């Protein structure tokens, strides 16, 4: 076994074994500490995956094909010809690191605060199980294995929302499960269609079409795109998201927005577009129109929101719209925009939900009308909220700018009346994004302190700063040096575009 293969196994085995160790530890705080150490070890195992063989093409009789940096391919269920096939490249690597980082920050945050509703031990054990499912989804190079990891996340996330969420948590958790199960059924049928027609579940072999007929690709892409649209979630299949975010505990919202949604957009790129390129080209105009609709609808709904976490949740609909617009162009620029948009959204929205949770924990309310004057009583908290908001609205120099800007540029580059119009409307949606975030800051940070805000202490806890500081630094780093993401993704994206032609 090579060092890269060892790391692939370790990235999944460490959090899985950590979850077992946490569940077996009777002392609550000790269990939370073990989970934090486990998450840190997972991150340390994920970071070196970028080292080693950085080849991008594997030449075959049919021309270039996408090749992972590292891969592990072992027999799994011989009778069904299923294989335990893992791999990583520049498309999945940033999301693997982001998942490991956010899980570590959530576990570290649990040392400072455990939400009401259950033990901290159970909460962090569930977070580690969720991490296994998300990381497995990003690393799987077998369609059946991809589906299984995709499903691992469902019940633990339901338990986090239902066990530690707000007053209406059970209804929100049920809604999350029902929508996600719908997506799961569509994904299962889509995987069956592809595997039955191609005779293989190997994603590397299937990338570029894998010999599938045009009609099979159209049908498979429709099923897969709908499945991933539910998970992302993309408009109009998004209605589970605001309720889940509003009711979930802080760490649940961070994981949900930061990386769980990315399972859908990653699957759309890696599986739906990669395996069924003819279906992607056929559906591209529809995907582009739906993306712009999501951007505009999300922004308009945010302008009418009166609850802090709900506003941030609906902002994700618009941001995921920019990601979908980039994917729909099927160009190198657009796919790069989608990938950096994924990472930026995970970092910035994770920070926003941490801050929203801190505000709600201190004031016992999320109503914008009851949160005025935050900068007068808690200037540090108000400053961080302002920083995260302007990063999310796409200010140049911060991480949120690149994905939105290049998604618009990619649409304009495709050209023609439709794509030019979509690019212009997406730019208008970006302006509306700035409008609702500035409205948020005016309502929350300015004015006379409301009674709820007037009781706040000006200090921030060490546990909070520990969880928030890496996200602030990453927002700056990716904004000022986007090559941190684009540099590792450029060559595999170009390879993917090449085999899709």
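Out of curiosity, is residue 334 more than 24 Å from residue 300 (Cα to Cα) and either at pLDDT below 90 or not in a loop (DSSP other than H, G, I, E, B) (or both)? Before the answer, list the steps.
On the way: more than 24 Å from residue 300 (Cα to Cα): yes; either at pLDDT below 90 or not in a loop (DSSP other than H, G, I, E, B) (or both): yes.
The answer is yes for residue 334.
Looking only at the range 456-479, decide whether some residue is farther than 24 Å from residue 106 by Cβ, part of a helix (DSSP H, G or I) and either touching a helix residue (DSSP H, G or I) at 6+ places or on another chain (Cβ under 6 Å) or touching a residue at least 60 places away in the same chain (Cβ under 8 Å) (or both).
no
For residues that are out of contact with any helix residue (DSSP H, G or I) (no Cβ under 7 Å at 6 or more places or on another chain) and either part of a helix (DSSP H, G or I) or within 15 Å of residue 88 (Cβ to Cβ) (or both), tally how many sit in the range 5-32.
Residues that pass the stated criteria total 9.
Among the listed residues 288, 326, 321, identify the single one that is buried (at least 24 other Cβ atoms within 10 Å of the Cβ), at pLDDT 90 or above and under 14 Å from the mean Cα position of the chain (by Cα).
Values: 288 fails: under 14 Å from the mean Cα position of the chain (by Cα); 326 fails: under 14 Å from the mean Cα position of the chain (by Cα).
Criteria check complete, one pass: 321.
Which residues, counting only those in the range 181-205, are more than 19 Å from residue 270 (Cα to Cα) and touching a helix residue (DSSP H, G or I) at 6+ places or on another chain (Cβ under 7 Å)?
Across the range 181-205, the qualifying residue is only 182.
Every residue, every condition in (1) surrounded by 14 or more Cβ atoms within 10 Å (Cβ to Cβ); (2) modelled with pLDDT under 90; (3) under 19 Å from the mean Cα position of the chain (by Cα), yes or no:
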residue: 448; (1), (2), (3): no, yes, no
residue: 464; (1), (2), (3): yes, yes, no
residue: 474; (1), (2), (3): yes, no, yes
residue: 483; (1), (2), (3): no, yes, no
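Just give me the residues in the range 199-223 being over 10 Å from residue 279 (Cα atoms), without any contact (Cβ under 8 Å) to a residue 60 or more places away in the chain and buried (at least 20 other Cβ atoms within 10 Å of the Cβ), in sequence order.
223
Return the residues of the range 53-81 that are at pLDDT 80 or above and assigned to a strand (DSSP E or B); say none if nothing qualifies. Reasoning before the result, please.
Taking the range 53-81 first, the residues at pLDDT 80 or above are 68-76.
Correct list: 70, 71, 72, 73, 74, 75, 76.
Which number in (1) at negative phi; (2) under 18 Å from the mean Cα position of the chain (by Cα) marks the one condition that residue 394 misses?
(1)
Residues in the range 365-379: is at least one out of contact with any helix residue (DSSP H, G or I) (no Cβ under 9 Å at 6 or more places or on another chain) and over 23 Å from residue 270 (Cα atoms)?
Step one: filter the range 365-379 for residues out of contact with any helix residue (DSSP H, G or I) (no Cβ under 9 Å at 6 or more places or on another chain), giving 379.
Going one step further and asking which of them are over 23 Å from residue 270 (Cα atoms), we end up with 379.
Yes, some residue in the range 365-379 is out of contact with any helix residue (DSSP H, G or I) (no Cβ under 9 Å at 6 or more places or on another chain) and over 23 Å from residue 270 (Cα atoms).
Would you confirm whether or not the range 150-160 contains a residue that is more than 19 Å from residue 261 (Cβ to Cβ) and out of contact with any strand residue (DSSP E or B) (no Cβ under 9 Å at 6 or more places or on another chain)? Give the derivation first.
Of all residues in the range 150-160, those more than 19 Å from residue 261 (Cβ to Cβ) come to none.
Within the range 150-160 (the criterion being more than 19 Å from residue 261 (Cβ to Cβ) and out of contact with any strand residue (DSSP E or B) (no Cβ under 9 Å at 6 or more places or on another chain)), the answer is no, since none of the residues qualifies.
Can you find even one residue in the range 44-52 that is surrounded by 24 or more Cβ atoms within 10 Å (Cβ to Cβ) and modelled with pLDDT of 90 or more?
Looking through the range 44-52, at least one residue is surrounded by 24 or more Cβ atoms within 10 Å (Cβ to Cβ) and modelled with pLDDT of 90 or more.
(1) more than 18 Å from the chain's Cα centre (by Cα); (2) under 24 Å from residue 447 (Cβ atoms): which one isn't true of residue 354, the others all being true?
(1)
Under 25 Å from residue 471 (Cβ atoms) and part of a helix (DSSP H, G or I): does that describe residue 281? Steps first, please.
On the way: under 25 Å from residue 471 (Cβ atoms): no; part of a helix (DSSP H, G or I): yes.
The answer is no for residue 281.
Say we look at the range 109-124 and pick out the residues that are assigned to a helix (DSSP H, G or I) and surrounded by fewer than 20 Cβ atoms within 10 Å (Cβ to Cβ); which of these is modelled with the highest pLDDT?
First pass over the range 109-124, keeping only residues assigned to a helix (DSSP H, G or I): 109-112, 120-124.
Narrowing the set further to residues that are surrounded by fewer than 20 Cβ atoms within 10 Å (Cβ to Cβ) leaves 111-112, 122.
Details: 111: 87, 112: 87, 122: 91.
Step by step, filter the range 109-124, then rank; the result is 122.
Examine the range 88-101 for a residue that is over 16 Å from the mean Cα position of the chain (by Cα), touching a residue at least 24 places away in the same chain (Cβ under 8 Å) and assigned to a helix (DSSP H, G or I), and state whether such a residue exists.
Within the range 88-101, not a single residue is over 16 Å from the mean Cα position of the chain (by Cα), touching a residue at least 24 places away in the same chain (Cβ under 8 Å) and assigned to a helix (DSSP H, G or I).
Identify the single condition in (1) modelled with pLDDT of 85 or more; (2) surrounded by 17 or more Cβ atoms within 10 Å (Cβ to Cβ); (3) more than 19 Å from residue 353 (Cβ to Cβ) that residue 452 does not satisfy, given that it satisfies every other one.
(1)
The values are calculated or read from the model by the stated rules, or taken from the named source; none is laboratory data. What you see is a predicted model; the values in this text were computed from it and never measured. Here the Cβ is made from the backbone with ideal geometry for all residues, glycine too, and neighbour counts use every protein chain on show.
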